[in-house]
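The values are calculated or read from the model by the stated rules, or taken from the named source; none is laboratory data. No experiment lies behind these values; they were computed from the predicted model shown. Please note: Cβ atoms are built from the backbone with ideal geometry, for glycine as well, and neighbour counts cover all protein chains shown. Heavy atoms of the whole protein, side chains included, go into the accessibility calculation; ligands, DNA and RNA do not. Shrake-Rupley method; radii C 1.70, N 1.55, O 1.52, S 1.80 Å.
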Amino acid sequence: PAVTSPCKILKCNSEFWAATSGSHHAGAEEAPEFCTALRAYAHCTRRTARTCRGDLAYHSAVHGIDDLMVQHNCSKDGPTSQPRLRTLPPGDSQERSDSPEICHYEKSFHKHSAAPNYTHCGLFGDPHLRTFTDTFQTCKVQGAWPLIDNNYLNVQVTNTPVLPGSSATATSKLTIIFKSFQECVDQKVYQAEMDELPAAFVDGSKNGGDKHGANSLKITEKVSGQHIEIQAKYIGTTIVVRQVGRYLTFAVRMPEEVVNAVEDRDSQGLYLCLRGCPLNQQIDFQTIRSAQATEGRARRKGPSVLAPPEAFTYETATAKCREKLPVEDLYFQSCVFDLLTTGDVNFMLAAYYAFEDVKMLHSNKDKLHLYERTRVLTPGNAAPTGTHPALWVALLCLCWLCLL
């Protein structure tokens, strides 16, 4: 069954946006109306507080309300309002011209130096993580986890079980918070969930707000309900979010300077895109895949205990993945892994689109494909990835002849 979040912060945000109608920019005489709407906003967040524990969008809204209360001298006691439809006033910031130079990363920070070095991070499937350092991991990470946490933005994902009783998880919710930055952008929150991939921030806007450089942050809908792209030019960052089947994928291109812009590096232990998954959350991909291959062959003799009844066999999974991923790299192996653990062909598409995003976002085209390193064999271990079983048989025979 589809997972629905009990946290209603998106509803609170949209009601406040609808209620204000830009009135707080109209003049001092409108301040009481804005304060009334703000109190309604605060009341809505309190009602959903218990179910929003740990939700970044919720905590961002609470802090934002406190700031607005102070800025507009609003009393916390008083009447609340009902939302009304919001209409954009003439000359809304979404129609402004190009941003000033300070809101263009390459122009402002690297005007007299070499171009910045860009890095990539991606999360897809069950779930598979490619870090900014091109480390590839398959992780458990059920529940909410921070992908990115630096001075400019926060990204949090929530992973939920794909099947009842299964250890397979996939991303069902994504929250991105762009922090207020100089004269360029106001704080903006983007949130996506299963079957809900908005083409706007939670406040209904599609850019960075009311500051002069608002258009240095923009959302573009590529495919309705399936693919959006966020350009944050003021930090040289591009984010791609997709819904493939029921679940979400995430990919980002970001300058190293922005990646490493953290005030306290010791507190960034759970910054997955930078540090990777904790050891106790990582899955031994090679061992699991070897077990999957064995299980796939055994499936002809009896039912599987690792996969649902309608799952692929190892042979049909590899054949299906080759349709979209002809190179047997870790994206291909992830595809096979996911088809065997979930039985859902959409995970093949998730791996395919994840690799397409790498091709678009990664600055080093020689590092698009990733392969596992050969491991030293110990008793009971499988042969290294990519080694054909027949070759191992031949080598064993040769060794036996040498002994004779």
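From the backbone phi of region 354-367, what are the Karplus-calculated ³J(HN,Hα) couplings (6.51 cos²θ - 1.76 cosθ + 1.60, θ = phi - 60°) in whole Hz, Gly and Pro given as x?
Karplus-based 3J(HN,Hα) across region 354-367 equals 4, 6, 4, 5, 4, 4, 7, 9, 6, 7, 10, 5, 7, 10 Hz.
For each pair in Lys188/Lys365; Lys140/Lys218; Lys233/Lys365; Lys140/Lys206, compute the distance between the two Cα atoms and list the pairs where it is over 27 Å.
Those over the limit are Lys188/Lys365; Lys140/Lys218; Lys140/Lys206.
Step through the table entries Lys179/Lys222; Lys320/Lys367; Lys179/Lys324, compare each Cα-Cα distance with 26 Å, and write down the pairs that go over it.
Lys179/Lys324
Rank-order 53-65, 315-327 by packing density, defined as the average count of other C-beta atoms within 10 Å over each peptide's residues, highest first.
53-65, 315-327
At R0 = 35 Å, how high is the FRET efficiency between Glu256 and Glu323 if r is their beta carbon distance? Nearest 0.05 is fine.
0.50
Before I look further, what does region 101-276 give for accessible area per residue, probe 1.4 Å, in whole square angstrom?
It amounts to 37 Å² per residue over region 101-276.
Scan around Gly208 for amide H atoms under 5 Å from its own, H built in the peptide plane at 1.01 Å from N, and keep only partners 5 or more places away or cross-chain.
Hits under the 5 Å cutoff: Asn215, Ser216, Leu217.
Can you give me the solvent accessible area of Asp366 with a 1.4 Å probe, rounded to the nearest 10 Å²?
Accessible surface of Asp366 is approximately 140 Å².
Compute, for region 159-221, the length of the dipole vector about the Cα centre, with Cβ point charges of +1 (Lys, Arg) and -1 (Asp, Glu) only. Units Debye, rounded to 20.
180 debye
At q = 0.10 Å⁻¹, what is the base-10 log of I(q)/I(0) for region 101-276 according to the Debye formula with one equal point scatterer per Cα and no solvent? Please give it to two decimals.
-0.38
Can you pull the percent of region 101-276's accessible area that's carbon plus sulfur, 1.4 Å probe, other chains left in place?
Ligands and nucleic acids excluded, carbon and sulfur give 45 percent.
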